[in-house]
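K.L.:
Pasting a structure below so you can have a look.
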Amino acid sequence: MTDAIRLVLAPMAGYTDGPFRRICAENGCRETVSEMISAAALHYRDKKTASLARILEGEGPVTFQIFGHDPVMMAEGAEILLTGGYEGCRYAAEPAGIDINMGCPVRKITSNGDGSGLMKTPELAAKIVEAVVPVCRKYGKPLSVKIRAGWDADSINAPEMAVMLAEAGADRVSLHCRTKEEGYTPGIRLEVLADMIAALRKTKPACEIVGNGDIASAEDAMTMLQMGCDGVMIGRGALGNPWIFRQILEAAAGKEPFVPTEADRRSMAARLAREVVAEKGEHVGIRESRGRAAYFLQGMRGSARMRDRLNHAETLTEFLSILEIEE
């Protein structure tokens, strides 16, 4: 059973870079998804955007996520990423596939009709999938789409939209069980997930279904898997706990899930900082590592003081010293 469970690391801007994806893969994550990449920025050959599309040594399967609302530009972006056709391309392995973001609720994304803005234009969303599918088929890669329950509570349309996307050629639909307007507020709409599962199983049974939202434990994941999902996608639940994927596999196998010690958590925070610094340089790497380390320290005695000191650290040596890790 555990071999069939698709465990996916959700895309999170500023977090799901190569070093973190690699750590999650080592801890049981079966597929990781990049930070979301603008198809328009790829079209205009923006170097900063292209730098998000890297695959490091030791990473597991990496799917690149793109966003946009123009079908032609989205297809072009998928081709650029699958072929590595951009300046600064660095792939230690082939991309595993393409994922289309139709779920991001951030205003600057939705105001352009991108991300979960596409929940309001399902016909356009289907045309985007239809445009990207031939590119993915050309290179033998799957196409997945991530959606939301709907735009708001009065426009829940995920079940119907999922069927449209699957009929357009999507191999997998991942559902974040909240509306765009609900953002990331506590509580998810499992009834919408149940309806989407029923709709897809009836009309497009070959389409994979992945549940997402508020998965903070193995128990949360098992709830979605027992509903009929082929897998689960975990985002914030993996921050500070990349072991969650291992915990889910152990729970599914009837084993007692692994519980990291405080030493494990400090050690992993230190490892992540080292690898981010190695990839991005000390100046950028330390600044990006401050907030990440805070997730690992949650609940520890003295964590508030430690976080404050980390926020003022300037060098990797100082950072590791605060975490009580020898360099």
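K.L.:
Kindly provide the set of residues from the stretch 196-220 that are surrounded by fewer than 16 Cβ atoms within 10 Å (Cβ to Cβ) and outside any helix (DSSP H, G or I), ordered by number. Break it down stepwise before answering.
P.N.:
Pass one, the stretch 196-220, residues surrounded by fewer than 16 Cβ atoms within 10 Å (Cβ to Cβ): 198, 201-203, 205-206, 216, 219.
Passing the criteria: 205, 206, 216.
K.L.:
If you don't mind, another one. Look through 129, 62, 133, 106 and report the one residue that is among the β-branched types (Val, Ile, Thr) and over 22 Å from residue 212 (Cα atoms).
P.N.:
Values: 129 fails: over 22 Å from residue 212 (Cα atoms); 62 fails: over 22 Å from residue 212 (Cα atoms); 106 fails: over 22 Å from residue 212 (Cα atoms).
Checking each option against the conditions leaves just 133.
K.L.:
Now for a separate question. Confirm whether residue 150 is more than 16 Å from residue 71 (Cα to Cα), modelled with pLDDT of 95 or more, crowded, with 24+ Cβ neighbours inside 10 Å and in the same structural domain as residue 12 (by TED's automatic domain parsing). Walk me through how you get there before you give the answer.
P.N.:
Details: more than 16 Å from residue 71 (Cα to Cα): yes; modelled with pLDDT of 95 or more: yes; crowded, with 24+ Cβ neighbours inside 10 Å: yes; in the same structural domain as residue 12 (by TED's automatic domain parsing): yes.
Yes, satisfied.
K.L.:
Tally up the residues in the stretch 95-112 that are more than 12 Å from residue 151 (Cβ to Cβ), in a loop (DSSP other than H, G, I, E, B) and touching a residue at least 12 places away in the same chain (Cβ under 8 Å), please.
P.N.:
So the first thing to find is which residues in the stretch 95-112 are more than 12 Å from residue 151 (Cβ to Cβ), and the list is 95-101, 104, 106-109, 111-112.
Restricting the remaining residues to those that are in a loop (DSSP other than H, G, I, E, B) gives 95-96, 104, 106, 111-112.
Still in the running and touching a residue at least 12 places away in the same chain (Cβ under 8 Å): 95-96, 104, 112.
Here the count works out to 4.
K.L.:
So which residues in the stretch 25-55 are touching a residue at least 40 places away in the same chain (Cβ under 8 Å), out of contact with any strand residue (DSSP E or B) (no Cβ under 8 Å at 6 or more places or on another chain) and part of a loop (DSSP other than H, G, I, E, B)?
P.N.:
Of everything in the stretch 25-55, those that are touching a residue at least 40 places away in the same chain (Cβ under 8 Å), out of contact with any strand residue (DSSP E or B) (no Cβ under 8 Å at 6 or more places or on another chain) and part of a loop (DSSP other than H, G, I, E, B) turn out to be 27, 45.
K.L.:
In a helix (DSSP H, G or I) and closer than 24 Å to residue 248 by Cα: does that describe residue 133?
P.N.:
For residue 133, the condition - in a helix (DSSP H, G or I) and closer than 24 Å to residue 248 by Cα - is not met.
K.L.:
Looking for whichever is part of a strand (DSSP E or B), hydrophobic (A, V, I, L, M, F, W, C), modelled with pLDDT of 95 or more and under 20 Å from the mean Cα position of the chain (by Cα) here; the options are 193, 165, 175. Which one fits? Write out each step before concluding.
P.N.:
On the way: 193 fails: part of a strand (DSSP E or B); 165 fails: part of a strand (DSSP E or B).
On inspection, the qualifying residue turns out to be 175.
The values are calculated or read from the model by the stated rules, or taken from the named source; none is laboratory data. Please read these numbers as outputs of a predicted model, since none were measured by experiment. So basically every Cβ, Gly included, is an ideal-geometry build from the backbone, and we count neighbours across all protein chains shown.
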